[in-house]
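Read through the structure below, which is laid out as structure tokens, and then see the notes.
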Amino acid sequence: MQNESDSQNNSTSIRPFLSRRWRPWLEIAAALATIAGLAVAITQWKSQDQEPAHPTALNVLQLFDERGALLDPFRETGHGQGQCADSRASTDPDALRCLDPETSAVRDPCWPYLDAGHVSRAACPTSPWDEAVWIVDSPRISRQPPPSKAPSVFPAAGLPWAIAIDYPPGGGDRFHCLYVTGGSDSIGGERKNWGCNRNDRGLGGSDDFDGYAIGVPHTTTQPWTVMFRTRHTSKIGQAAVLEAWR
């Protein structure tokens, strides 16, 4: 009987000891499970709340109405004569490259207005984001094959005239970029095809760009992406192409 009593006493004394020993670990396990559940819930909430990536918007610029008047918001800032040929900046077959004989200024691209099958004027915008337009009166047009280094058919070659990009993708700075028709150097064997400025300051025809979009955009994903380098840095990253103009 004494042995049985001792066994019972030992059993009752061990249980509180075991519960005290394992209670902290059980509490930690419960806390970790709660944290894991919260993490899953937050992840699901973020995935539901986050907007999906928008595909690249492809645009064609229209400057004239049916009567030959400039469409809003574009406005004429000057006009003159011009000798025009095929554009080197835009792959639109109607686009022109016009030379002002008085100032030797080159405006590219320009778009003609056809009046009874005759090009009576052409409009040369500064960029898709600027209202300023130069008008070429009665342009003299000489069609000729484009140079071998000009952009090929859009969008297969991925070389639009103007692009708006987001760098870094998903909430970075927005840049406005125009195709460089003159001489441009290369980075890693890829040409610096577009000169870019942040959208809070105009391009202004200056070569003092905030950055360069390089090579050919990758069009197999949405939105498109393009390699990009900001000025005064050696880092080349990937930017999202938000909009493109042919």
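For Q222 and D200, calculate 0.36 nm times their separation in residues minus their Cα-Cα distance, and state this gained length in nm to one decimal.
5.4 nm
Order of 177-184, 114-121 by packing, highest average Cβ count within 10 Å first? Let's see the in-between values first.
On the way: 177-184: 18.1, 114-121: 11.6.
Ranked by mean Cβ neighbours within 10 Å, highest first: 177-184, 114-121.
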Search the structure for amide H atoms under 5 Å from the amide H of W161, placed 1.01 Å from N in the peptide plane, and list their residues when 5 or more places away or on another chain. T91, W245, R246
Additional length obtainable on full extension of the chain from D115 to E76, 0.36 nm per residue less Cα span: 12.2 nm
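What FRET efficiency, computed as 1/(1 + (r/R0)^6) with R0 = 22 Å and r the Cβ-Cβ distance, is obtained for L58 and R191, rounded to the nearest 0.05? All intermediate terms of the calculation are to be shown ahead of the outcome.
Numbers: r = 22 Å, r/R0 = 0.99.
Result of the calculation: an efficiency of 0.50.
Order the following by accessible area, largest value first: D208, D100. Probe radius 1.4 Å; ligands, DNA and RNA are ignored. Intermediate values should be presented prior to the final figure.
Working: D208 70, D100 10 Å².
The most accessible residue leads, giving D208, D100.
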Go through segment 181-192 residue by residue and turn each phi into a ³J(HN,Hα) via Karplus (6.51, -1.76, 1.60, θ = phi - 60°); whole Hz please, and just put x for glycine and proline. 8, x, x, 8, 7, 10, 10, x, x, 10, 5, 7
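The values are calculated or read from the model by the stated rules, or taken from the named source; none is laboratory data. Everything numeric in this text was worked out from a predicted model, so none of it was measured. Cβ atoms come from the backbone with ideal geometry, glycine included; neighbour counts cover every protein chain shown. Side chains are part of the model used for accessible areas, which takes the heavy atoms of the whole protein and leaves out ligands, DNA and RNA. Shrake-Rupley method; radii C 1.70, N 1.55, O 1.52, S 1.80 Å.
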